[in-house]
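Engineer: Before we start, here is the structure in question, set down as structure tokens.
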Amino acid sequence: MNIGITGTGSYIPTIISANEDFARHKFLNRDGSEIPYSNSQIIEKFEAITGIGQRRYAKKEFNTSDLGYFAAIKAIEDAGLQKESLDRIIFAHNFGDITYGKTQADTVPSLATRVKHRLGIANPACVAYDLLFGCPGWIEGIIQALALLRSHMAEKCLVIGAETLSRVIDENDRDSMIYSDGAGACILEAGYDTKGFLGHSSATYAKEEAYYLYNGETYDKSASDTTQYIKMYGRKIYEFAITYVPRAMKACLDQSGIPIESVKKVFLHQANGKMDEAIINRFYELYGLQCPDGIMPMNIHTMGNSSVATIPTLFDMVRKGQIDNQEVNKGDVVIFASVGAGMNINALVYQI
């Protein structure tokens, strides 16, 4: 059975936060001590490593489920299908809806249920549920949808990845500059006119790697704030990612039977520019090759890291010709790959 993506959509928040906006932040080390560099030096080094010059934040009145809904509407319209024909809505996120100015995550009802409600879908057989899998959640949602489609438990699935990380960042943490908001979605249908999905790979490393990303208190030890913010051990994540993600990509591609020379694009989770470059180079080194120019589209420099939303927004933008010098065409073979909290990794080989 050939299964393919028949529609995509994304929502890019309209509030632009440039690196210069962090100039007045009081950045601290994990132990609360002051960093012995000026903010301009910190920001300059940050941009050199991550490639991020600006990021997008959602308006105060929008939550994660709103962003997911906006992306879903575009994907449904792009696929040209009736909303009532959807069999599954899978919503990948990590923090639920966090109302601006609040600290508590809201996940009841599920974000997928909220999207179904806003879409006005009456069909009770359209099952809606959420997926927590870190940044690779959107890819894992596609893998789950594939299983449903191949087992004839569904014919049309909507997979959404959305996040509002701007609501869970510690202003005293340098890593707060990485995170952003956004949403992407796609429609998967059976009966596709190319081979569609050709292979996939997923893994969870949960020994010492389990808490490389975690929730923790502000680095400002003098504050009475007990809010939990997103935290990470950046160096450990970098070393983990450049080791295991290329291997997952190779396992996935080898499973598909597609030669690496036939791969037209590689869509990596937009986590860190330097890290993504290391991943793609190591992937090609596993085949004794050099990475071809232009094979890895990037939008992190203007979008930041929106977790589960990075790959679906990037794919939608390339698919619709919204990134300079990047395009995909019918029949092209592409790879999706991601890494994130868990530590989870996954990869997909897909023929457009």
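Engineer: Can you tell me which residue among Ala162, Ala154, Ala185 is modelled with pLDDT of 95 or more, over 30 Å from Arg24 (Cβ atoms), buried (at least 20 other Cβ atoms within 10 Å of the Cβ) and among the hydrophobic types (A, V, I, L, M, F, W, C)?
Structural biologist: Working: Ala162 fails: over 30 Å from Arg24 (Cβ atoms); Ala154 fails: modelled with pLDDT of 95 or more.
Every option except Ala185 fails the conditions.
Engineer: Consider only pairs whose beta carbons are under 9 Å apart and that are at least six residues apart or on different chains; among these, list those whose first residue lies in the stretch 148-159 and is among the basic types (Lys, Arg) and whose second residue is exposed (fewer than 13 other Cβ atoms within 10 Å of the Cβ).
Structural biologist: Arg150/Met1
Engineer: Here's a follow-up. It is to be established whether one or more residues within the stretch 124-133 are of a type in the set (Asp, Glu), free of Cβ contacts under 8 Å to residues at least 60 places away in the same chain and more than 20 Å from Thr313 (Cβ to Cβ).
Structural biologist: Filtering the stretch 124-133 down to residues of a type in the set (Asp, Glu) leaves 130.
Subsequent filtering for residues that are free of Cβ contacts under 8 Å to residues at least 60 places away in the same chain retains 130.
Right, trim to more than 20 Å from Thr313 (Cβ to Cβ) and you get none.
There is no residue in the stretch 124-133 that is of a type in the set (Asp, Glu), free of Cβ contacts under 8 Å to residues at least 60 places away in the same chain and more than 20 Å from Thr313 (Cβ to Cβ).
Engineer: Could you list, in sequence order, all residues of the stretch 32-71 that are in contact with a Ser or Thr (Cβ under 8 Å, 6 or more places away or on another chain), of a type outside the set (A, V, I, L, M, F, W, C) and part of a helix (DSSP H, G or I)?
Structural biologist: Correct list: Thr64 only.
Engineer: Out of the strands (runs of 3 or more DSSP E) lying entirely within the stretch 202-311, which hold 3 or more residues that are at pLDDT 95 or above and surrounded by 21 or more Cβ atoms within 10 Å (Cβ to Cβ)? Before you say what the answer is, go through the steps one by one.
Structural biologist: Details: elements: 213-216, 229-232, 263-268.
Qualifying strands (runs of 3 or more DSSP E): 263-268.
Engineer: Considering only residues of the stretch 1-47 that are among the β-branched types (Val, Ile, Thr) and more than 25 Å from Glu217 (Cβ to Cβ), which is surrounded by the fewest Cβ atoms within 10 Å (Cβ to Cβ)? Spell out the reasoning first.
Structural biologist: Looking only at the stretch 1-47, we keep the residues that are among the β-branched types (Val, Ile, Thr), and these are 3, 5-6, 8, 12, 14-16, 35, 42-43.
Still in the list and also more than 25 Å from Glu217 (Cβ to Cβ): 3, 5-6, 8, 12, 14-16.
Numbers: Ile3: 22, Ile5: 23, Thr6: 18, Thr8: 22, Ile12: 23, Thr14: 10, Ile15: 14, Ile16: 12.
Taking the candidates together, the pick is Thr14.
Engineer: Of all residues in the stretch 4-39, which are free of Cβ contacts under 8 Å to residues at least 12 places away in the same chain and within 21 Å of Thr302 (Cβ to Cβ)?
Structural biologist: Asp21, the sole residue that qualifies.
Engineer: As an exercise: evaluate Gln351 against (1) over 23 Å from Ile49 (Cα atoms); (2) touching a Cys at 6+ places or on another chain (Cβ under 8 Å) and give the number of the one condition it does not meet.
Structural biologist: (2)
Engineer: Among the numbered conditions (1) within 18 Å of His93 (Cα to Cα); (2) more than 22 Å from the chain's Cα centre (by Cα), tell me where Glu140 comes up short.
Structural biologist: If we test Glu140 against (1) within 18 Å of His93 (Cα to Cα); (2) more than 22 Å from the chain's Cα centre (by Cα), just (2) comes out false.
Engineer: Give Phe91, Phe95 a once-over and let me know the one that is more than 23 Å from Thr6 (Cα to Cα), among the hydrophobic types (A, V, I, L, M, F, W, C) and in contact (Cβ under 8 Å) with a residue 40 or more places away in the chain.
Structural biologist: Details: Phe91 fails: more than 23 Å from Thr6 (Cα to Cα).
Only one candidate qualifies: Phe95.
Engineer: Check Lys74 against each of (1) farther than 20 Å from Ala58 by Cβ; (2) in a helix (DSSP H, G or I) and name the one condition it does not meet.
Structural biologist: Going through (1) farther than 20 Å from Ala58 by Cβ; (2) in a helix (DSSP H, G or I) one by one, Lys74 breaks only (1).
Engineer: Any residue in the stretch 43-50 that is out of contact with any strand residue (DSSP E or B) (no Cβ under 6 Å at 6 or more places or on another chain) and within 15 Å of Lys116 (Cβ to Cβ)?
Structural biologist: From the stretch 43-50, those out of contact with any strand residue (DSSP E or B) (no Cβ under 6 Å at 6 or more places or on another chain) are 43-50; that's our starting set.
Okay, now just the ones that are also within 15 Å of Lys116 (Cβ to Cβ), so none.
Within the stretch 43-50, none of the residues are out of contact with any strand residue (DSSP E or B) (no Cβ under 6 Å at 6 or more places or on another chain) and within 15 Å of Lys116 (Cβ to Cβ).
Engineer: Checking Thr103 against (1) hydroxyl-bearing (Ser, Thr, Tyr); (2) buried (at least 17 other Cβ atoms within 10 Å of the Cβ); (3) touching a residue at least 60 places away in the same chain (Cβ under 8 Å), which test does it fail?
Structural biologist: (2)
The values are calculated or read from the model by the stated rules, or taken from the named source; none is laboratory data. Since we're looking at a predicted model, the values are computed, not measured. Methodologically, a virtual Cβ is constructed for each residue, glycine included, from the backbone with ideal geometry; neighbour enumeration extends over all protein chains shown.
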